[in-house]
Amino acid sequence: MFAALPWLCAFCPDLGSLSSASAASRSQREVRPSRRGSVLADAAGTAGPRRPPSVLRGTALAAAGADAGAGGSAGGPPLPPPPLVSVVFERAVPASRPSGSQSSASRPSGGRPSGRSVGKLSAQSAQDVAKARWMATAQSSFSSEEERRKALAQLRRTGSLASAGEYVQLMEALAPAPGLLREVRTLLLEARFRGFKVAPSVYSTAIAASLASGDVEWANELLQELWTTREGDIDAVDCSRILSDCSRLGQWSYGLRILEQMQEWGLSKRRLLPDLQAYNIAITACGRSGEARQGLRLLGALRDARLEPDTFSFAAAAEACKTEEGLWEEVLGVLEQLQASGLELDIVTSSCATGVCARAGRADLSFQLLEEMERCALHPNEITYNDMINGCVSGRQWAHALALLGDMRARAVAANKMIYCSAICACGAEGVQWEYSISLLQEMRRSGISAEERMYTAAMSACAQAGAKTWEQAFALLAGMQRDAVPPDAQTFAHAIRACGDAEHWPRALQLLEGMVERGVTPNLYVFDALVTAFERGSYVEGPLELLDGMRVHGQEVFILNYAMAACVRSGHFERALGLFAEQRGRGLSPDTYSYCLVMFALMSLGQFAEAEELHRQAMQAYVCPAWWRLVDASTEGGQAGKELVLVDLHFLLVPEAELVVLMILLMVRGHAGSPWRGKDVLVVCGRGLQSKNSEGKVKTAVVRLFERELKLKFGIAERDKGGALIARGDDILSCVGVSEAAGRICSEVVPPIAFD
């Protein structure tokens, strides 16, 4: 607004006299250096209160116009002219300009700076504005990675980065974005190439960025360079900063490596020896990564490093014990060490200990620890009780959860939303005490605590597991969610549909599905499984096919039909399972391994062994499965020469699929007298778990449980394999019982398949 005033005198004919009067009065004024923000002060004069710009402008123009109309003959000194200094010029010239700078009278007419100086200053100002905009875009987390990458390219292309501080700002801003690791690396290399001294904190930022992106190799290079080229600058504080980043990112193994390197380098450079803070950070990192035993080992290593653990050390170790199951003895050992060190018991360590004991099923120890806290003048708070009640959820101890709630009321500790949620889950486990779950939900609402979706879902899950008698309660809970404006999700509807299925109310289940779609909730595989179960229990054979025709379930058709076939096998309706398999093929769908397992088991249960073998050959030709069984000479497997046995290969099968294959073989061996398989010994090759996580051998464990607990079948360990194969005699197989019951259990457990979700 004020920048336009200097040009009014030169280009407006009506203000010609004003320009002359302003020039005359300007020559009488003392030359003063222009200052940023002095435009209003010049317009207002040398004294008097500061007035708004519009008032100043109007007063100055009116006074100057009156002076010009009187020909300058009016008495008194002339009024000061309106401001004639360009805002662009004022922004470009420094505030501390020397007194000998160019005066207003020596400028061109109208007080304008020369065109060349204005052009240079305007260009410089435009460059500064562009640089500020690029810096803001590159550092803003609200910008996309592509926008930040382009802004950084503009800064580097124009050479706008002129200091080490600007490089540091950009690296610290770009480091949290995993997709910009390459840019962080480039900035670091460019800063070193330009001779800027990079502080150790910058290295820690780059290491954190590389760890967040999974580039451990570059993190190792940076760490080695930091210790070799910046050894005079780095100390234990810088290393602790890197350890903190490792703890935040869950890189506990890398943090331990840094701790060991600090110990090695600290032998020659005392300032690099890890201090207590470094050990505490490393223990916390182990706890966040679920490596509780590593954290406990570090707690013991403090003594070897001649460091005395403090309260935080023991609290971090106790917190780490919460991440693994069954560490109640270890957490009690942490409490003993704390007391042996002469430190007072604190609320954090004791709360963690009570929660770990409750989770391990030792609620008696939890209550003993509560009494110990009272003796130490420690008052349990809501965090303490929340940990303990959470432990009751894992240990399925609903009675202890209710007792803890009563203890809270006796101690005047207010229950919060988390505590109520844990108590509802503890009472609703396996649907044993679903009435208490609903009662707690109502009590929470009466106390003024708003219920959330997870609490309603927990109560709904309790109703679904309680059986057929709770389907009306499930509908009441849905109505309560609508009353409280809590939107149900797919899992909530799945529990309600399962409750209807238990009561054989499949029309109600379809009604829930329609309401779910109307609310815009997308059904998941748990919903489809609950619907198929409701159809099966209500003897609604056309239900699965109607579900496929009435809904858009592209990509899930095979899963839905598998659910339906599993429900038929579970209930002994093997002909329905065969019809669903034919429907699966008729729709042009490709059956998977589990589909073939189900239908072959159904065929063998009906005594159609030849058809099952033919289907097995078709599956092998379609590359769906390898040869699961074959007859081999027993002598090749260390048995009697001239005798055949059935070799079953369970490699590359999931646990439920492997169990179904074993049951199929048992049905074949127990088949009719004319079958070539009848009475044969069975050699089951389970493998040694090389394809399983941590090489646990889950398939072998499941088969052993199947033989021992359900079939009561004697078996031995084959000599051909070091523990990876089991052998069962044909005579024992002929006398075993419980094959159909085991198949029903398998089909119940495999649905819903977590691996498919």
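The values are calculated or read from the model by the stated rules, or taken from the named source; none is laboratory data. The shown structure was predicted, so the numbers you read here are calculated from the model rather than taken from an experiment. With ideal geometry, Cβ positions are generated from the backbone for all residues, glycine too; neighbour counts draw on all protein chains shown. Heads up: the accessible areas ignore ligands, DNA and RNA and are worked out on the full protein's heavy atoms, side chains in. Shrake-Rupley method; radii C 1.70, N 1.55, O 1.52, S 1.80 Å.
Pairs from the list 643/712; 417/698; 322/712; 643/714; 469/714 with a Cα-Cα gap above 30 Å: 417/698; 322/712; 469/714. The gain in end-to-end length when the residue 484 to residue 375 segment is fully stretched comes to 34.9 nm, 0.36 nm per residue minus the alpha carbon separation. Put the Cα centre of region 414-481 next to the Cα centre of region 135-154 and the gap is 47 Å.
On the beta carbon distance between residue 323 and residue 454, with R0 = 22 Å, the FRET formula returns roughly 0.55. Calculated accessible area for region 361-484 comes out at 45 Å² per residue, all protein chains present (probe 1.4 Å; ligands, DNA, RNA ignored). Estimated from the Cβ-Cβ distance and a Förster radius of 22 angstrom, the FRET efficiency linking residue 217 and residue 145 is about 0.50. Per residue, the accessible area of region 125-177 comes to 55 Å² when a 1.4 Å probe rolls over the protein heavy atoms.
Surface composition of region 511-667: carbon and sulfur atoms hold 50% of the protein heavy-atom accessible area at a 1.4 Å probe. Available extension along the chain between residue 368 and residue 153 is 71.0 nm, counting 0.36 nm per residue and deducting the alpha carbon span.
How large, in percent, is the carbon and sulfur part of the accessible surface of region 142-264 at a probe radius of 1.4 Å?
49
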